[in-house]
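Below you'll find the structure, written out as structure tokens, and then a few comments.
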Amino acid sequence: RYPLYINVYTRIITYWGKMLISPENKIVYTVYRYLFSQHFNSDCKSPWIDCIQRILNMCGLQYVWQNHNFVNIEWLSATVNQRLKDQFMQIWSNDINCSSRGQVYKILKPYFGFEKYLDILPVKLRKKFIKFRTSNHRFPVETGRWYNIPLNERLCLLCNKGLIGDEFHYILECSALEEIRKKYINTKYWKRPNFFKFSELMTNCNCKSLRKLCVFISKIFDAVCSS
Ligand SMILES: [Zn+2]
């Protein structure tokens, strides 16, 4: 979902725009003109007018503010809404790409939008899957972060092969989980594993294979917790 402020800001600007095109003898218009002149000609500042100006500036619509003029109300509303969404998307994508903790998440979440697995999975499995996707777990790659252990020293304690204990390792690599993996994950994924296969497996929305993947994830959680 887009954050609520986008709707709020759009409605603020739409209201402001409707007011500007309303008949000049309408009381709300008269009050606005008074507020506007007080805001710029005295110490009596209006936070609401500041807010309008700030939103229009954010949207690159300074000329609309300066001229108090725009194409029409539909255009104003749609333009503000779209620009706020575009800006949010840019920040969202940048935050994920720059987050050291979001390394797995950015592979699993290339697009902004609702995830089908939320509708497909039963609550119990869904919770496990969400924990896995958001690195809300106790894999060495995560617990090592809590103690400032360098990334290359956050090793898997299940197989002891000197490999980093991260999501990719447990799902496709760890030899200690080989037998369980065979039961739940299609061979094509873990034979010669790579990040492309990992991404394909994790974003697969086939109900049966998604359920099997989540059961496997539950078993990984159990195994790592008891190690
Ligand atoms: Zn391992």
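Of everything listed in (1) without any contact (Cβ under 8 Å) to a residue 40 or more places away in the chain; (2) over 30 Å from L108 (Cβ atoms); (3) among the hydroxyl-bearing types (S, T, Y); (4) surrounded by 12 or more Cβ atoms within 10 Å (Cβ to Cβ), the single unmet condition for S93 is (2). Considering only residues that are in a loop (DSSP other than H, G, I, E, B), open to solvent by 60 Å² or more (accessible area, probe 1.4 Å) and in contact with a Pro (Cβ under 9 Å, 6 or more places away or on another chain), which ones fall in segment 150-173? Across segment 150-173, the qualifying residue is only L157.
List the number of the failed condition for S209; all other conditions in (1) out of contact with any helix residue (DSSP H, G or I) (no Cβ under 6 Å at 6 or more places or on another chain); (2) under 28 Å from S99 (Cα atoms) hold. All conditions are met except number (2). Among the residues of segment 1-27, those that are hydrophobic (A, V, I, L, M, F, W, C), assigned to a helix (DSSP H, G or I), open to solvent by 30 Å² or more (accessible area, probe 1.4 Å) and within 19 Å of L56 (Cβ to Cβ) comprise V8, I12.
In the set C59, C98, C51, which member is surrounded by fewer than 11 Cβ atoms within 10 Å (Cβ to Cβ) and on the phi < 0 side of the Ramachandran plot? Break it down stepwise before answering.
Numbers: C59 fails: surrounded by fewer than 11 Cβ atoms within 10 Å (Cβ to Cβ); C51 fails: surrounded by fewer than 11 Cβ atoms within 10 Å (Cβ to Cβ).
Exactly one residue qualifies, and that residue is C98.
Do the conditions hold for W75, that is, is it loosely packed, with under 15 Cβ neighbours inside 10 Å and in contact (Cβ under 8 Å) with a residue 12 or more places away in the chain? Considered against the rule, which asks whether it is loosely packed, with under 15 Cβ neighbours inside 10 Å and in contact (Cβ under 8 Å) with a residue 12 or more places away in the chain, W75 comes out as no. When the residues of segment 171-216 are narrowed to those that are hydroxyl-bearing (S, T, Y) and farther than 25 Å from V123 by Cα, which ends up farthest from the chain's Cα centre (by Cα)? In this case the residue turns out to be S175.
Only residues that are within 33 Å of the chain's Cα centre (by Cα) and surrounded by 14 or more Cβ atoms within 10 Å (Cβ to Cβ) were counted across segment 31-47, and they come to 0. Scan segment 103-120 and tell me whether some residue there is without any contact (Cβ under 8 Å) to a residue 60 or more places away in the chain, open to solvent by less than 80 Å² (accessible area, probe 1.4 Å), hydroxyl-bearing (S, T, Y) and not assigned by TED's automatic domain parsing to the domain that holds T203. Yes, that holds for at least one residue. Quick one: how many residues across segment 174-211 are within 16 Å of the ligand (Cβ to nearest atom), crowded, with 20+ Cβ neighbours inside 10 Å and not in a loop (DSSP other than H, G, I, E, B)? Residues that pass the stated criteria total 3. Quick check: anything in segment 125-143 open to solvent by 60 Å² or more (accessible area, probe 1.4 Å), of a type in the set (D, E) and either in contact (Cβ under 8 Å) with a residue 24 or more places away in the chain or outside any loop (DSSP other than H, G, I, E, B) (or both)? Looking for residues that are open to solvent by 60 Å² or more (accessible area, probe 1.4 Å), of a type in the set (D, E) and either in contact (Cβ under 8 Å) with a residue 24 or more places away in the chain or outside any loop (DSSP other than H, G, I, E, B) (or both), one finds none in segment 125-143, hence no.
Can you find a residue that is within 13 Å of the ligand (Cβ to nearest atom), among the hydrophobic types (A, V, I, L, M, F, W, C) and farther than 15 Å from S227 by Cβ anywhere in segment 140-162? For segment 140-162, residues within 13 Å of the ligand (Cβ to nearest atom), among the hydrophobic types (A, V, I, L, M, F, W, C) and farther than 15 Å from S227 by Cβ: absent.
For segment 28-68, which residues satisfy the criterion of being among the hydroxyl-bearing types (S, T, Y) and in a helix (DSSP H, G or I)? Talk me through it step by step, then tell me what you get.
We begin by selecting, within segment 28-68, every residue among the hydroxyl-bearing types (S, T, Y); these are 29-30, 32, 34, 37, 42, 46, 63.
Of everything in segment 28-68, those that are among the hydroxyl-bearing types (S, T, Y) and in a helix (DSSP H, G or I) turn out to be Y29, T30, Y32, Y34, S37, Y63.
The values are calculated or read from the model by the stated rules, or taken from the named source; none is laboratory data. Since we're looking at a predicted model, the values are computed, not measured. Cβ sites come from the backbone with ideal geometry, for glycine too, and all protein chains shown count toward neighbours. The protein model used for the area step is the full one, side chains on, heavy atoms only, and it has no ligands, DNA or RNA in it. Shrake-Rupley method; radii C 1.70, N 1.55, O 1.52, S 1.80 Å.
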